[in-house]
């Protein structure tokens, strides 16, 4: 038993919050998500014409979604150029190598361009887990 007054219940401590000034969290730098995207996001220099076309399409799509683009231009450039190369490779006899397709799928996932990577909107009901019923008695009707 330690000396001194008795401590408060965890609920009361959580409700009171942190009062020590030495523990106060101060954000030194804002995150990229805090800053709004500029009105015009030009394609980076050195992109191929096909990559520039895909860039414009992707920027328009992401603006419709309200998705953040500013700050992620390098990754988006790689994504657009890879898609342009894939489109060209599909026209060849053998098609693109599987490594290229795998890299494209990873980038598509990062930019939420696949059905599996779509975010669940806030407040939306999650799907029920069919295995959660295991071991429970059947519902009586």
Scanning segment 56-73 residue by residue, the ones that are over 18 Å from residue 118 (Cβ atoms), in a helix (DSSP H, G or I) and touching a residue at least 24 places away in the same chain (Cβ under 8 Å) total 1
Residues of segment 91-105 being within 18 Å of residue 54 (Cβ to Cβ) and surrounded by 10 or more Cβ atoms within 10 Å (Cβ to Cβ), in sequence order, are 96, 100, 101, 103, 104, 105
Checking 33, 43, 27 in turn, the sole residue that is modelled with pLDDT under 80 and assigned to a loop (DSSP other than H, G, I, E, B) turns out to be 27
When every residue in segment 107-127 that is surrounded by 10 or more Cβ atoms within 10 Å (Cβ to Cβ) and in a helix (DSSP H, G or I) is compared, the one modelled with the lowest pLDDT is 117
Taking first residues from segment 30-55 that are under 18 Å from residue 111 (Cα atoms) and second residues anywhere that are at pLDDT below 90 and outside any helix (DSSP H, G or I), the pairs with Cβ under 6 Å that are 6 or more apart or on different chains are 32/71; 33/68; 37/69; 37/70; 41/69
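The values are calculated or read from the model by the stated rules, or taken from the named source; none is laboratory data. Computed from a predicted model, the values in this text were never measured in an experiment. Neighbour counts are summed over all protein chains in view; Cβ atoms, including those assigned to glycine, are modelled from backbone coordinates with ideal geometry.
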